[in-house]
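Chemist: Here it is: the structure, laid out below.
Every number here is computed from the coordinates shown, using simple stated rules; none is lab data. Every value quoted in this text rests on a predicted model; they were computed, and no experiment measured them. In this analysis, Cβ positions are derived from the backbone assuming ideal geometry, glycine residues included, and neighbour counts consider all displayed protein chains.
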Amino acid sequence: MPTTFQRARANERMLAVEEAQEQVLAAVAPLPEEEVSLGEALGRVLREDVIAPADVPQRDNTAMDGYAVRAGDLDGATQEHPAILRVIEDLPAGSLANRSVEPGTAIRIMTGALMPDGADAVAHVEITDAGRETVRVYQPIQAGTHIRRRGEDMLAGDIVVSEGIRIGPGEIGVLAAVQKSVLRVGRRPEVAILSTGNELIGIDEVRTPGKVVNSNAWALEALVREAGAIPRPLGIVRDTREATIAAFESALASDVIISSGGVSAGAYDFVKDALDALGAETKFWQVAMKPGKPVVLSTLRGRICFGLPGNPVSCMVSFHLFVAPALRKLMGQTTDILPPAVSVRMAADMTSRGDRRTYHRVRVVARDGSLLATPMRAQGSGVTTSMVQANALAIMERGVTHVEAGSVLPAVLFGMIGQ
Ligand code: AMP
Ligand code: MG
């Protein structure tokens, strides 16, 4: 006997993953900004263009330890007949030269020190005798050698880090270099996590027959944290309409609500009903993919709600494909929102029923200049161990039932490529 839920929606077309991702992104807008200090900015999304206030380097400086010279003085220098220059000053990084380099002289100079007047090249110490009073230089060099030019890194007025970029260590270094100690970034979304299921027990409870540990809450909490958002685990929700409604209501204090389980068409699946009862607008409830076909997207009082499937693997896969992009957009990210797809060579055969597009958990490693993907031992949507060391989802399109080792497939990356 089909439920109302099944009958009402039986004719709806299942969305393709790409269409579902579009709907997800259309349903969210960036959260307000806040100020943080640079030390707290890692993983946040910059919400202002940061401009270089001055040229960096401030002036020409040396890229090597050696001697600031006039290149013309070294013309014809050889091992047997070195150029011999008088060393008139010693210049560590951070000091300014008192004198200028006149013909026949050199200033001993350390990496980063500003070029003295008169010099037009740096003879690195390796081509000299490293002399202190006089220096022998055994090779000619061209004017400009080993000089880092003023403004070569940034020019005053350049945008050095743009709005919408997620701040990593490289950005932190540049922001520090322009003395940007306080930044405007996107607020981090708080994400409520609900785990529906009568069978669920907490991590410390005794596992009696039929009980299942609420592992999804832990995996989702980690995924949310990895995405740069703030998890708010709200515990286990029993499979009744009332409990599910009450749980979603209590979750409304957060910016995003994720539930797991209770989205199939079973007799105890109340997520969709509860969302309907609360007046949520459902955007989709099924996506043409495996694992993870039942996945609900709705909006409720200005918040986005994801009803993810209960099967642990389906839950994580749908997080990577739908929830993580939404969190990035909420934080204000404007690039790299969807997980990238790369071409991988399969290390083993794979099979599929062919009725839907499947996302196979694989581990991708770099091998001989290309990417090699090894499928996980078991691909069932309840096989949590198939996520251990997995870093990508290799895609078999609908209608494809067999892929041979050596074939090239697209794969969605969600972790660092292995070795
Ligand atoms: P459901 O989507 O509610 O029908 O659940 C599908 C399968 O996922 C069932 O075998 C559940 O026991 C399992 N499951 C549901 N929720 C969780 C959870 N929070 N942690 C681990 N497994 C779960
Ligand atoms: Mg359930």
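Chemist: Determine how many Å³ per residue the convex hull of the Cα atoms of the range 265-315 encloses.
Modeler: 71
Chemist: Separate question: Hey, can you grab everything whose amide H is under 5 Å from the amide H of A106? Only 5+ residues off in sequence or another chain; H modelled, so Pro and N-termini drop out.
Modeler: R86, V87, I88
Chemist: Something else about it: What is the P(r) of the range 142-292, as percent of Cα-Cα pairs per 5 Å bin from 0?
Modeler: P(r) for the range 142-292, in whole percents per bin: 2, 7, 13, 14, 14, 11, 7, 6, 6, 6, 4, 3, 3, 2, 1, 1, 0.
Chemist: A follow-up question, please. Which of V362, V160 comes first, and how do the rest follow, when ranked by fewest Cβ neighbours within 10 Å?
Modeler: Placing the least packed residue first, the sequence is V160, V362.
Chemist: Determine, at each q value in 0.13 (inverse angstroms), the log₁₀ of I(q)/I(0) that the Debye formula gives when each Cα of the range 17-112 is one equal point scatterer.
Modeler: Cα-only, vacuum Debye calculation for the range 17-112: -0.69.
Chemist: Applying the Karplus parametrisation 6.51 cos²θ - 1.76 cosθ + 1.60 with θ = phi - 60° to the phi angles of the range 172-187, what ³J(HN,Hα) value in whole Hz is obtained for each residue in order, glycine and proline being reported as x?
Modeler: 4, x, 5, 5, 5, 4, 9, 6, 8, 8, 10, 10, 8, 10, x, 5
Chemist: Sorting check: for 47-58, 204-215, which peptide has the highest mean count of neighbouring beta carbons within 10 Å, and how do the rest follow?
Modeler: Result, highest mean Cβ count within 10 Å first: 47-58, 204-215.
Chemist: From the Cα trace of the range 182-230, what convex hull volume per residue do you get, rounded to a whole Å³?
Modeler: Measuring per residue, one finds 76 Å³ for the Cα hull of the range 182-230.
Chemist: Percent of alpha carbon pairs in the range 237-326 separated by more than 16 Å?
Modeler: 47
Chemist: Let me ask you something else. Starting from the alpha-carbon convex hull of the range 281-419, give the projected area averaged over all orientations, in nm².
Modeler: Reported value for the Cα convex hull: 8.9 nm².
Chemist: Continuing with the same structure: With no solvent and one equal point scatterer placed on each C-alpha of the chain, evaluate the Debye formula and give log10 I(q)/I(0) for q = 0.06, 0.14 Å⁻¹, two decimals.
Modeler: -0.41, -1.18
Chemist: Once both labels are modelled 7 Å past Cα along the beta-carbon direction, what's the L25-E397 spacing in nm?
Modeler: Inter-label distance under the simple model: 2.1 nm.
Chemist: Using each residue's phi in the range 341-358, evaluate 6.51 cos²θ - 1.76 cosθ + 1.60 at θ = phi - 60° and report the 3J(HN,Hα) Karplus result to the nearest Hz, with x for Gly and Pro.
Modeler: 10, 10, 8, 10, 9, 7, 8, 8, 5, 9, 10, 8, 5, x, 7, 9, 5, 10
Chemist: Angle, helix 215-226 long axis vs. longest principal axis of the chain, Cα atoms, 0 to 90°, nearest 10?
Modeler: 30
Chemist: Straight-line reach only, C-alpha to C-alpha below 28 angstrom: list the lysines that K290 could link to, leaving out same-chain residues fewer than 8 apart.
Modeler: K211, K272, K329
Chemist: Quick one: Karplus J couplings for the range 141-158, per residue in order, coefficients 6.51, -1.76, 1.60, θ = phi - 60°, nearest Hz, x for Gly and Pro?
Modeler: Those phi angles translate into 9, 7, 4, x, 4, 6, 9, 8, 7, 3, x, 5, 7, 8, 9, 3, x, 5 Hz.
Chemist: Only Cα pairs within less than 10 Å get springs; with that Gaussian network setup on the chain, which residue of Q142, Q286, Q179 has the largest fluctuation?
Modeler: Q142
Chemist: A follow-up question, please. Once the Cα gyration tensor of the range 300-372 is found, what semi-axes does its equivalent ellipsoid get, as square roots of 5 times the eigenvalues, in whole Å, sorted largest first?
Modeler: Value: 29, 19, 9 Å, ordered largest first.
Chemist: Can you tell me what percent of all Cα-Cα pairs in the range 62-144 are more than 18 Å apart?
Modeler: Summing the P(r) tail past 18 Å for the range 62-144 gives 27 percent.
Chemist: I would also like to ask the following. For K180, K283, K272, what's the fewest-to-most ordering of other Cβ within 10 Å of each Cβ?
Modeler: K283, K180, K272
Chemist: Same structure, new question: What is the percent of Cα-Cα separations in the range 190-275 that go past 18 Å?
Modeler: Of the Cα pairs, 42 percent sit more than 18 Å apart.
Chemist: Further question on the same structure: Compute the angle between helix 17-26 and the longest alpha-carbon principal axis of the chain, please, reported from 0 to 90 degrees and rounded to the nearest 10.
Modeler: 80
Chemist: Next question. Checking the cross-link filter: which aspartates and glutamates have an alpha carbon closer than 12 Å to that of K180, excluding same-chain neighbours under 8 positions apart?
Modeler: E35, E48, D49, E171
Chemist: Also: Order by neighbour count: S314, S254, fewest other Cβ atoms within 10 Å first, most last.
Modeler: Fewest-to-most ranking of S314, S254: S254, S314.
Chemist: Quick one: Cα centre-to-centre distance for the range 343-419 and the range 41-62, in angstrom?
Modeler: Taking the Cα centre of each part, the range 343-419 and the range 41-62 sit 40 Å apart.
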